[in-house]
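The values are calculated or read from the model by the stated rules, or taken from the named source; none is laboratory data. Just so we're clear, the structure is a prediction, and the values are computed from it rather than from any experiment. Virtual Cβ from ideal backbone geometry, glycine too; neighbours counted across all protein chains shown.
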């Protein structure tokens, strides 16, 4: 069996390698592939991207954005117009067209014009450019946010400083409310509802007229009595004059008596030491005798006491005279006053009469006015009720305003507290509430490192599918096909031989690719070389089976090659190599996820980039193995179909 | 004598078409057996069924009394098969092709090398052993195919249209080669639609038509039994053979049937001498110039035509 298989493989290899061109392609193809790809992608980032820029106005903001972008990766091409800028992308002269609006603000947009037909480039380009714009935008936002935060802090401070305004406002409102309440009470207590009918002005006028008559009578009586009083006063005056004359006489007598006493006192030679006032004893004869017994000279004391009494009497008489003089003056004054009173009363009565006339007249007027006042009062009463109601409403509103003021005060307080409690107080934490840092799972990797697993699968897929299908078809098309089947060799050996040949060639090619990648481009093929070899063999097997199935089913080399290429391209297209699977419709994406290319890429990526061992590949390896089993089954079935076709 | 191969009421159908319809004949050891029939008669199907490539629907194909389908591995070791399609790889050299097939027959390396030398010398290609097959001429390729068919020293060699496409010289050379091989003791079964070829080299012939064996026997036996005419090979100018034949029949000439062979027409007639007179007269009448005329003894082709319904 081994001999036969080796013979088949040997034959296949000889057939393939017999052509120098084929040999070169098989051996040099992988070298060229890895060489070109390695040189092309053995770097990070983009290179030589031309960006067309059009800006109507050039300001610092535009310049700062352009400076941010203008790096080694990107070359700026200033365009004359918007149309030329867009045309540049269409013509392929530039990769992207940037159009700045006349004014950059929050409502204006910076336009990116990209050619989405360049799928492989456009997303990477947009990602890089957007990142740069976002950086610039973040910086601008940072400044604006800083200003915003400063304003917020200022607001908080202003709120704190002016919190008492609300309190004042509340107090004023409270006072106003109280005053309104009082006013309402006052208004309600206003006796506006007084019954004006109580004002009986007519009666008053009648009484006034009667009073006028009474006053007239009284005037006459008063005048008579005043006249009589004047007469009586005159009589009293005369009597007082007589009394005054009598006092004056008594005074003269007393003065004479005194002169006699003074003379006796001098004649007696009385000294001051020899005298004592006996007046207190005059009313008690015994006390007076006892006193006299004690005195040196009782006559002097008597004379002294008489002298003193005479002085007192004189003094009394002078006082009485003065009083009588005063009485006369008063009587005269009274007479004058009575005359004046009489005149005045006459005037008063005349005035009173005039007043009463006027009053009577006024009462008439008042009578009319009261009637008007009644109406006015009714109006006022109505207005009072309205006013009272309005004032009550106003008061209620003020009370409500008080609640509102409380709410506002609470809100202001909350705002202040919220501002105080703000934990995010730096512009950075607002612009970037959480910081993101894209950390590659593997660091310091070049594009080729990431691309390498896909490259291997790509090479394996195209080589295996094309080679296996070509081998089967070449075998079917050769006349030796029949001779193979009439030999004792098991028929399936030829399929197995084709598979092993494909495995060998693809294996050699992948080995060349890996060795060159590892030595020349320092690509790490993964720590677990054993797993990698097994996986590569499985992937080659998978695609070889696909190729064999195609070869078995089809009937000529051209359609086989075409089908193999189309199938490979479909698998390639429905992977994430050009367009992410996630951008496909869910149903198609579901199929795409079990696409042998995708599964193979996944297992190799895990093995190469993440150094996963064979048994650490999870579901991917299971799917791969299931697909292998299914394809193996299909290989056998299609081989039998092909043999049957050949027989016919 | 027990036949080495025996077809017993063999039927084979492809899709709805019956290709073999009750085939019965025997082949004996050492025979050079010819199977003659027109294209589509079932020759190739019959031969491929013999080596087990096709499984027959009913009937038996016996090799030394054993059914071939039950002993396919042995049968494949015993049978060699040469085709009209050169069943080898054009990209390989003569030796590489033979070495490859030798290994598939599980021959020891030494024996393979010996057989390569022996067979290439036998077919006259030893000097070209390292020449790529597609760089060789058609005759050489056919001989290489023969060598490939013999690499495992088969007891029976089946040759399906072995000289198709070869010029007469190469064809004769091939016939000689086949005879030499047969002389080595190998039973040979040849299928061909060239009656001359079968007549020249085969010791026994079976005629097949529409999946049925019409007759079997040696060429001489068949000619003796079934030939009643002589052949007149006629070439004229401008060569209005249809008018010539129609005029001959109109004038009472006895023509069994005719067939065109290149620029010539072959007339099968019971009495060639009488027919020749009538032909010359008609040619003169029709202003046809006689370019060539030849009268032959009856051949196997006449028998074949008789059985297959030719004119």
Original post:
Can you tell me which residue in segment A:98-120 is modelled with the highest pLDDT, limited to those that are closer than 24 Å to residue A:580 by Cα and crowded, with 16+ Cβ neighbours inside 10 Å?
Top reply: A:113
**OP:** Exactly one condition in (1) loosely packed, with under 11 Cβ neighbours inside 10 Å; (2) closer than 30 Å to residue A:390 by Cα is not met by residue A:221; state its number.
**Re:** (2)
Original post:
What about residue B:88, is it in a strand (DSSP E or B), surrounded by 21 or more Cβ atoms within 10 Å (Cβ to Cβ) and in contact with a helix residue (DSSP H, G or I) (Cβ under 6 Å, 6 or more places away or on another chain)?
Top reply: no
Original post:
Which residues, counting only those in segment B:152-172, are outside any loop (DSSP other than H, G, I, E, B) and within 29 Å of residue A:488 (Cβ to Cβ)?
Top reply: B:156, B:157, B:158, B:159, B:160
**OP:** Please work out which one of (1) more than 14 Å from chain B (Cβ to nearest Cβ); (2) surrounded by 23 or more Cβ atoms within 10 Å (Cβ to Cβ) is the condition residue A:497 fails and give its number.
**Re:** (1)
**OP:** Could you tell me whether any residue of segment A:433-447 is modelled with pLDDT under 85, in a helix (DSSP H, G or I) and buried (at least 19 other Cβ atoms within 10 Å of the Cβ)?
**Re:** no
**OP:** Taking the options B:117, B:67, name whichever one is more than 10 Å from chain A (Cβ to nearest Cβ) and under 30 Å from residue B:130 (Cβ atoms).
**Re:** B:117
Original post:
Can you tell me which of B:12, B:76 is within 11 Å of chain A (Cβ to nearest Cβ), under 20 Å from residue B:105 (Cβ atoms) and in contact with a helix residue (DSSP H, G or I) (Cβ under 8 Å, 6 or more places away or on another chain)?
Top reply: B:76
Original post:
How many of the residues in segment B:15-36 are without any contact (Cβ under 8 Å) to a residue 12 or more places away in the chain and part of a strand (DSSP E or B)?
Top reply: 1
Original post:
What are the pairs, 6+ residues apart or on separate chains, where a residue within segment A:324-341 that is without any contact (Cβ under 8 Å) to a residue 60 or more places away in the chain has its Cβ under 7 Å from a residue that is outside any helix (DSSP H, G or I)?
Top reply: none
Subject >> Residue check for residue A:538: over 24 Å from residue A:477 (Cα atoms), surrounded by fewer than 16 Cβ atoms within 10 Å (Cβ to Cβ) and at pLDDT 85 or above >> reply: no
Subject >> Unmet requirement for residue B:214, which otherwise passes all of (1) touching a helix residue (DSSP H, G or I) at 6+ places or on another chain (Cβ under 7 Å); (2) crowded, with 16+ Cβ neighbours inside 10 Å; (3) farther than 28 Å from residue B:43 by Cα >> reply: (3)
Original post:
Can you tell me which residue in segment A:2-21 is farthest from residue A:506 (Cα to Cα), limited to those that are more than 9 Å from chain B (Cβ to nearest Cβ) and either in contact (Cβ under 8 Å) with a residue 40 or more places away in the chain or part of a loop (DSSP other than H, G, I, E, B) (or both)?
Top reply: A:5
**OP:** Filter segment A:372-394 down to residues that are without any contact (Cβ under 8 Å) to a residue 24 or more places away in the chain and under 18 Å from residue A:198 (Cα atoms) and give me whichever is farthest from the chain's Cα centre (by Cα).
**Re:** A:372
Subject >> Single residue of B:127, B:135 found to be surrounded by fewer than 24 Cβ atoms within 10 Å (Cβ to Cβ), in the same structural domain as residue B:176 (by TED's automatic domain parsing) and within 22 Å of residue B:180 (Cα to Cα) >> reply: B:127
Original post:
Cβ-Cβ below 8 Å, separation at least six or inter-chain, first residue in segment A:467-493 and more than 9 Å from chain B (Cβ to nearest Cβ), second at pLDDT 85 or above and not in a helix (DSSP H, G or I): which pairs?
Top reply: A:469/A:554; A:473/A:554
**OP:** Could you check, for segment B:19-35, whether at least one of its residues is in contact with a helix residue (DSSP H, G or I) (Cβ under 7 Å, 6 or more places away or on another chain), within 14 Å of chain A (Cβ to nearest Cβ) and at pLDDT 85 or above?
**Re:** yes
Original post:
In this structure, is residue A:253 within 26 Å of residue A:337 (Cα to Cα) and either exposed (fewer than 14 other Cβ atoms within 10 Å of the Cβ) or not assigned by TED's automatic domain parsing to the domain that holds residue A:357 (or both)?
Top reply: no
Original post:
If residue A:481 passes every condition in (1) closer than 30 Å to residue B:52 by Cβ; (2) surrounded by 21 or more Cβ atoms within 10 Å (Cβ to Cβ) but one, which one does it miss?
Top reply: (2)
Original post:
What number of residues in segment B:103-114 are in a loop (DSSP other than H, G, I, E, B) and at the interface with chain A (Cβ under 9 Å from one of its Cβ atoms)?
Top reply: 2
**OP:** Give the residues of segment B:37-84 that are assigned to a loop (DSSP other than H, G, I, E, B), more than 14 Å from the chain's Cα centre (by Cα), touching a residue at least 24 places away in the same chain (Cβ under 8 Å) and at negative phi, sorted by residue number.
**Re:** B:51, B:54, B:56, B:57
Original post:
In segment B:123-151, what count of residues is obtained for those that are part of a helix (DSSP H, G or I) and either within 17 Å of residue B:81 (Cα to Cα) or more than 14 Å from chain A (Cβ to nearest Cβ) (or both)?
Top reply: 16
Subject >> residue A:221 vs. criteria assigned to a helix (DSSP H, G or I) and at pLDDT 85 or above >> reply: yes
Original post:
Of the numbered conditions (1) under 29 Å from residue B:14 (Cα atoms); (2) part of a helix (DSSP H, G or I); (3) within 10 Å of another protein chain (Cβ to nearest Cβ), residue B:100 satisfies every one except a single condition; which is it?
Top reply: (1)
